[in-house]
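Quick notes on the structure that follows.
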Amino acid sequence: PEMERTLTEAFDLLAPDVAMVHAKDLADPPLRPSQAAGKGALDWDAYCSLILRHCKDVPVILHNLNENEVPASVSFVKDRLTNGLS
C-alpha cells in the first residue's frame, strides 16, 4: 500500500545519481524467487512513470531471467516505457 510513496521518495532522493534502472519485479509472496517483469507485485505504473520523469535516458537492465521469460519481459518493459502506462 505504501509502494508508490516509497518509490517516489526513492526517485526524488536518488534520481540525480542513477546510472541505470533495474526492471525486475517483486516476488509475491516475498519468499518466492524474484519474478520476471510484469509477473510480480511491483507497481509498474508508478515505477515506469518515475523512470520516465526522472531517468528516461538511462539504461534499463533485466537479468536473472529464465531464457523463456526474456521475450515477454523485454516486451512488457519496452511497451510500458514507449507506449505509456496501463
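The values are calculated or read from the model by the stated rules, or taken from the named source; none is laboratory data. Predicted model only: the values in this text are computed from it and were never measured. Every residue, glycine as well, gets a Cβ built from its backbone with ideal geometry; the counts of neighbours run over all protein chains shown. Side chains are part of the model used for accessible areas, which takes the heavy atoms of the whole protein and leaves out ligands, DNA and RNA. Shrake-Rupley method; radii C 1.70, N 1.55, O 1.52, S 1.80 Å.
Amide H contacts under 5 Å for L42: L26, restricted to partners 5 or more places along the chain or on a different chain, H placed in the peptide plane at 1.01 Å from N. Between the helical axis of 70-82 and the longest alpha-carbon principal axis of the chain there is an angle of about 30 degrees.
What a 1.4 Å probe finds exposed on the chain is 55% carbon and sulfur by accessible area, rounded to a whole percent.
Based on protein heavy atoms only, the chain ends up with 68 Å² per residue of surface accessible to a 1.4 Å probe. The protection proxy used here, the mean number of other Cβ atoms lying within 10 Å of each residue, ranks peptides 12-19, 67-74 as follows, highest first: 67-74, 12-19.
Report, in degrees rounded to the nearest 10, the 0 to 90 angle that the Cα long axis of helix 3-14 makes with the longest principal axis of the chain. Relative to the chain, helix 3-14 is tipped by roughly 60 degrees.
Measuring nothing but how far apart in sequence close Cα pairs (under 8 Å, 6+ apart) lie, relative to its length, the chain scores a relative contact order of 34 percent.
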